[in-house]
Amino acid sequence: MRDDTAEAAYDRTRLGQWLAGRARGDGLSRRDVLRALGVAGVLAAVPGLATARPAGADGPIVKPLPPELFDVFGSNAEMRWEAMRDQGFYTPIDRFFVRDHTATVLIDASTWRLRLFGAGLRGAPTRENAVELSLDDLRRLPAVTIPAFVECAGNGRSFFASQQNTPAPGTQWRLGAVGVARWRGVRLAPVLHRAGLLDTAVDVLPAGLDAEVVSNGVNLGHVRRPLPIAKARHDVLLAYEMNGEPLPPDHGAPVRLIVPSWVGIANIKWLGEIEVADTPLFSPFNTQLYRLFGPDYPADGAPITTQNIKSAFELPWQNATFAAGRTHVLRGRSWSGTGRIRYVRVSTDGGATWRHATPRAPQLGAATWLPWQIPWHPTQPGRYELLARATDETGATQPDLVPFNTGGYLFDAVVRHPVTVI
Ligand SMILES: Nc1nc2c(c(=O)[nH]1)N[C@H]1C(S)=C(S)[C@@H](COP(=O)(O)O)O[C@H]1N2
Ligand SMILES: [Mo]
């Protein structure tokens, strides 16, 4: 069982180091931090665990969430994997998962401005003298379209409990907190250069315009997470279209960041500002949250950057049934934040024997998935477990077990998918 005391201890350690000056305070006052130490531990109050709100028109998510496409957890909606069964390469917007720390905000695109400032820019040291860009300004710059997944770092978290008997708090996602879309927009690199990027720039800190996140009475501020200037200049996109449509409200309209291969939280929605700093930046979203703490990690935790490797069957989680004595085609998809998928092996006998799946469409880019299929001819009725194990071009392969971490992040072990043959 989860040990709240140990969790609180990790959290205290981390916050202690943070207070000791390794990081710039960034929104958290010493008083806030001390208040946090007085309660059960910030990790236990990850939004989404504490405050489950009903879904619907008045709920935190704007788009319809029909039960055949989504499982809803408060302000988060998980895609059901059977919803990808008859789909092409991309995840349609109507079934793309949503993860809101608070709630979707509706922003007037005509008055929206992106503000860039910081010591890493020439002539715009503070928010007051920020460089401002409108949506039309962005649309006038050369546009690019990139295919990329957005995947929550906590995708698969429920399997820490159901497969490893070490439950982790937070939204109990199965494998549906991932989607692949075509994102269109402008590269961040030329925007930074136009804003006067200096060689001394170290980190950028994009922040969202949605409500500030309050956890156990502590205001963590707006959703924001720093990334190094090298990544920011390499392949990060300011996206204003998703699958050929204007970015929908739930996915960050009018503009969100797309940070290919990185954890979901890097892809800041409802982007309002980007600080460009000449010193390393920290936020609660890379010091307390979205960091690996646990018996197998250093006391001050291990950072999370890229997603890891996973596979999913395009089947309902509950009550997938197959007729005995017939040949069925099992379909699924595998993806990895560290490289293209090289091959996928599938077991239909609970892991005793494995066969190679066949790709059924090309993988369009490294930060996407490989759709695959494999025939299955079950002869005996009964309960079975289907397993898929992917390997990427770096050799990274899905393990059988994931070392526990208190946030329940990056579950990449092979998932045992229950099915019934009748
Ligand atoms: N401003 C803002 N950006 C955000 C979030 C948020 O709550 N607010 N959630 C993050 C997380 S944790 C994830 S997994 C992705 C989810 O993107 P989606 O809702 O478009 O699927 O957005 C990220 N960007
Ligand atoms: Mo996430």
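Each reported figure results from applying straightforward, stated rules to the coordinates on display, with no laboratory input. The shown structure was predicted, so the numbers you read here are calculated from the model rather than taken from an experiment. Glycine gets a Cβ as well: all are built from the backbone with ideal geometry, and neighbour counts include every protein chain shown.
Shape verdict for segment 267-398, please, from the Cα gyration tensor: rounded (a/c under 1.5), prolate (a/b greater than b/c) or oblate. Cα axes put segment 267-398 in the prolate bin. How big is D, in µm² s⁻¹, for the chain by Stokes-Einstein at 20 °C and 1.002 mPa s if Rh is the Kirkwood radius over C-alpha pairs? Taking Rh from Cα pairs, D becomes 96 µm²/s. Inter-part distance, segment 112-144 to segment 251-326, computed on C-alpha centroids, equals 26 Å. Taking the square roots of five times each eigenvalue of the Cα gyration tensor of segment 327-422, the equivalent ellipsoid has semi-axes of 24, 18, 10 Å, listed largest first.
By the beta-carbon count within 10 Å of each Cβ, the least crowded to most crowded order of Ser134, Ser261, Ser336, fewest first, is Ser134, Ser261, Ser336.
Give me Val223, Val329 ranked fewest to most by other Cβ atoms within 10 Å of their Cβ, as a rough exposure proxy.
Working: Val223 25, Val329 10.
Exposure proxy ranking, most exposed first: Val329, Val223.
The HN-Hα couplings worked out from phi for segment 130-137 by the Karplus form 6.51 cos²θ - 1.76 cosθ + 1.60 (θ = phi - 60°) are 4, 6, 10, 10, 8, 4, 5, 4 Hz, whole numbers, x standing for Gly and Pro. Ordering Val414, Ala299, Ala130 by the projection of their Cα atoms onto the charge dipole of the chain, which places +1 on the Cβ of Lys and Arg and -1 on the Cβ of Asp and Glu, puts Val414 at the extreme positive end. Scaled against 2.2 N^0.38 Å for its residue count N, the alpha carbon radius of gyration of segment 195-266 is 1.26.
Within straight cross-link reach of Lys63, meaning Cα distance under 17 Å, which lysines are found once same-chain residues fewer than 8 apart are removed? Here the lysines satisfying the reach criterion relative to Lys63 are Lys269. Counting only alpha carbon atoms, the long axis of helix 4-17 and the longest principal axis of the chain meet at about 30°.
Neighbour counts of C-beta atoms inside 10 Å place Arg224, Arg127 in the sequence Arg127, Arg224, starting with the fewest. For segment 294-377, averaging the sequence separation of C-alpha pairs within contact (under 8 Å, six or more residues apart) and dividing by the residue count gives a relative contact order of 30 percent. Working from label points 7 Å from Cα in the Cα-to-Cβ sense, the Ala109 to Ala189 distance is 2.7 nm.
May I ask for the net charge around Leu330, where only other residues with Cβ less than 12 Å from the Cβ of Leu330 are counted and Lys, Arg are +1 while Asp, Glu are -1? Don't skip to the end; give the middle numbers.
On the way: positive: Arg85, Arg331, Arg333, Arg355, Arg360; negative: Glu314.
Residues close to Leu330 contribute a combined charge of +4.
Full extension of the chain between Ala161 and Thr200 yields a length gain of 9.5 nm, computed as 0.36 nm times the residue separation minus the alpha carbon distance.
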